[in-house]
Amino acid sequence: MTTITMHPSELAYAFSYSETVDVVGWGRDPFLPTTEADGDPKTWYADGAARLSEAGRLVETPDKGLNFTDEVVSAVLTLADPALVLLAQRKEGDGLRRLTVHMAKDTVLGMTRHPDGMFELTRYADLTAATLACVGFLGAARSPVQAGTRIDSNQEALNAVHQLATKGQTDQAVASLVKLGASAQDAASIQRAMAEPATAGMLSILYCSDNVARTARPYSIMTTADDETWILFSPASLEGPMVIERSSVSALTARVLVEVATWLKISA
Amino acid sequence: MTSNIETIRNAEAQIPQLRDQLRALQAEARANDGVVDDEEQAEINQVESLINTTQQLITEKLRTWGANKTAYEKLRTKLATDLGKVEANEDAAFGQDKRAISVAVSKVDQAASVEDYATALSRTQELERLVDLFLKQVENERLNGLTTEELMEISLADENIDEVFTEEYMEALMTIPLKGEGTPELRDVIKKIEKGLSGANRTEVLTELAEIVGEPPTVADLDADYARFLILCKQRDAIGKEGEKGDIDPVDEKLHPDFVGSREQLMFGKVLGDALGIHEVFATLLSPTGGLVGPGNMLIGSVASPHLSPDNPVALHGTVHDAAGYLDSFHDEGPGYNYRGSEIEAMVTSAIELLPQSWENEILPFTGQLSGIGYWIVEAGDEYIEARFDEGLVALEQALESARDGASDQIDEIVSAIEDAKQELSDKADALRSDMEDAAAEAAQDLQDLVDEAQAEMLEASDALEDGFEKVSETVVETIENVSDAVGSFGEGVGEKLDAIANFIWN
């Protein structure tokens, strides 16, 4: 696992050579100048080129011309044209913190943004490690859970429970969950996870081609103050069933790995 | 010796004679005094060596002959349909070309009749070129007769366009030789073609071009490609105008004095040319600024050397992306990037290894049901099909429960093993240290080695989990309207699904 930090103008400059505008999981805005102080695009790109050169990431030699280092090449190609992206968004008040993982060819690359605007790029050994990083980022419970604790319902019913739970109608929310098949203990835990989660967020598996997210498998993840994690997802389309399931670091990681491996088999 | 079978058979016929000669020499040497002297042995060795060399040559030539025969037969079979089309063409304007093809066929048959497949193959390859040229000219004639509206509705893509947007193609493009690249001669010819060719000037300029990039292609090949280029220009202008794609800009040579005829431009032309079935030089002129990628185009004067080396994978990606964009905008063509799931299979291998061996059997019944249905949902949007797809996905999700449990147990082991091992090491070392400090150090080292070995496999996963926890405090808190806004570009239904699941968190 190795990490480098890059200024957004460095990434913008490198992306322009691959004719990339959007980065899946980020869009385009984070890589563009945001204030007048950043100057016009020409200045922004020139700054990016200068930073890359200074860091030894953009090198010019008389025989080979101007070239990015191998490290930058693989990072840019992975970000510019991934086959798979994991988008982890952790709730923070009304806002969010974000960790993305981009996979292409032999590279698994994580990306976060710091408060000073710098991007942190982390190279992971494989999908297992990268998924664990996302699951850790989202605050899932570390303690293993017993499999099979779940409620199979639908979007309408779970939306109604969510409304009750978040509007303080605790008893009604718990009663609705029991009616959907949860035990009294699980129903209370789910109500707490929805109403007052210690951590909450989303993990979305995005299958991509031509730098476009073609298919999404999102999971909402809620963990209570008692370190009990519940995930909510649609195994098929939104019109199909919706499931809420007890989870943990290992259970959620396993779910993601099995989902991706299955998708590879089915789409092969 | 050639690979002609007659010569090979003649050589084969000499082997028994040489063996007879060898036997006679050996008998004669022993007959005199029962001892083979140096002079006699040298003579025997010479004949033996001759036999071995001849046999080796025969084997090698037979292999070449066989390979030529196979290649000839394959190509000849492939050409049968196209030769039928040539035969069926009754346009008098192509009479001379038909006769040339007929003569070429006779020459091929002549060589094949005497089993000289090296010659037959070479003549068939030439025949293939003639047939391709003939059919292209006939097709150009037909296309020239179409109205602009008709031209906008048809595909002018090469039949092998799908092979262009693949990883294999991009790999090969990196090192492909492009004749004339970067030379002033090619730059001058491209500028002449850009001005338009007709009459004697057309032949003269295309002859100049053939001298730089040929032969092949011959002047006639280039002439057919030029004719197709003019048709493609007509389609480009019509589709571009209808879609309000803007004008095609010429290269600003003040800003980019070395771009015309450069490797960057020709690589773009090669991608486009292979997709549309014309020579790269003409393809560059369909979109003359194609291949100019990166902010370097705007940064003249600010950055010393703004053009990235065209062989750099990042620039190459940009060039191919540029060509795909042009094809889509101006010819309604291009399959996009043809990446397959297997591309990342290696990176998922570790994940698959965590699964129980039975997992593939568990998904097997669903594979046929689900693959391909997604396509029909996109194409038809049929609610019934979508419902069937949902059923399959739900059943699959449930069937994989044991696979998830197995993987989950292993991940638990991986995550907890590091801490357990460290604790064990610490306890053991403490106990030993109290008895005997030196022995403790040695034992601790042995244990550490064992732990290091175990950690090598597990540390990355364990560290990644901790890294994820730590990253929370290091990341910026962002405000966005919708979760899907962060995704960038996404396909149909993706945004809706993301926002529906996000409602459980942010509402």
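The values are calculated or read from the model by the stated rules, or taken from the named source; none is laboratory data. Bear in mind that the values here come from a model prediction, so they are computed numbers and not experimental data. Quick reminder, even Gly has a Cβ in these numbers, built from the backbone with ideal geometry, and neighbours come from all protein chains shown. SASA here: full protein model, heavy atoms, side chains in, ligands and nucleic acids out. Shrake-Rupley method; radii C 1.70, N 1.55, O 1.52, S 1.80 Å.
Residue by residue, here is whether (1) touching a residue at least 12 places away in the same chain (Cβ under 8 Å); (2) at the interface with chain B (Cβ under 7 Å from one of its Cβ atoms); (3) on the phi > 0 side of the Ramachandran plot; (4) surrounded by fewer than 17 Cβ atoms within 10 Å (Cβ to Cβ) holds:
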residue: A:92; (1), (2), (3), (4): no, yes, no, no
residue: A:112; (1), (2), (3), (4): yes, yes, no, no
residue: A:140; (1), (2), (3), (4): yes, no, no, no
residue: A:146; (1), (2), (3), (4): yes, no, no, yes
residue: A:150; (1), (2), (3), (4): yes, no, no, no
> Going through the range B:480-505 one residue at a time, which ones are modelled with pLDDT under 85 and surrounded by fewer than 21 Cβ atoms within 10 Å (Cβ to Cβ)?
Replying inline: B:480, B:481, B:482, B:485, B:489, B:491, B:492, B:493
>> Between A:127, A:79, A:121, which is open to solvent by less than 10 Å² (accessible area, probe 1.4 Å) and at the interface with chain B (Cβ under 7 Å from one of its Cβ atoms)?
In response: A:127
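What residue, of B:244, B:194, B:215, is closer than 22 Å to residue B:268 by Cα, over 28 Å from the mean Cα position of the chain (by Cα) and surrounded by fewer than 19 Cβ atoms within 10 Å (Cβ to Cβ)? Step through it out loud before you land on a result.
On the way: B:244 fails: closer than 22 Å to residue B:268 by Cα; B:215 fails: over 28 Å from the mean Cα position of the chain (by Cα).
It is B:194.
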> Of the residues that sit in the range A:1-29 and are more than 9 Å from every other protein chain (Cβ to nearest Cβ) and at pLDDT below 90, which one is least open to solvent (accessible area, probe 1.4 Å)?
Replying inline: A:2
> within 20 Å of residue B:267 (Cα to Cα), in contact with a helix residue (DSSP H, G or I) (Cβ under 9 Å, 6 or more places away or on another chain) and surrounded by 13 or more Cβ atoms within 10 Å (Cβ to Cβ), is that true of residue B:173?
Replying inline: yes
>> What's the total number of residues in the range A:223-253 that are part of a helix (DSSP H, G or I) and either within 13 Å of residue A:203 (Cβ to Cβ) or assigned by TED's automatic domain parsing to the domain that holds residue A:101 (or both)?
In response: 4
>> With the structure loaded, tell me whether residue A:170 is within 14 Å of chain B (Cβ to nearest Cβ), open to solvent by 50 Å² or more (accessible area, probe 1.4 Å) and over 29 Å from residue B:402 (Cα atoms) or whether it fails that test.
In response: no
> Taking residue A:217 and the conditions (1) in contact with a strand residue (DSSP E or B) (Cβ under 6 Å, 6 or more places away or on another chain); (2) more than 7 Å from chain B (Cβ to nearest Cβ); (3) open to solvent by less than 10 Å² (accessible area, probe 1.4 Å), which numbered condition does it fall short on, given that it satisfies the others?
Replying inline: (3)
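Residue B:88: modelled with pLDDT of 90 or more and within 35 Å of the chain's Cα centre (by Cα), yes or no? It would help to see each step written out before you state the result.
On the way: modelled with pLDDT of 90 or more: yes; within 35 Å of the chain's Cα centre (by Cα): no.
So residue B:88 does not fit the description; no.
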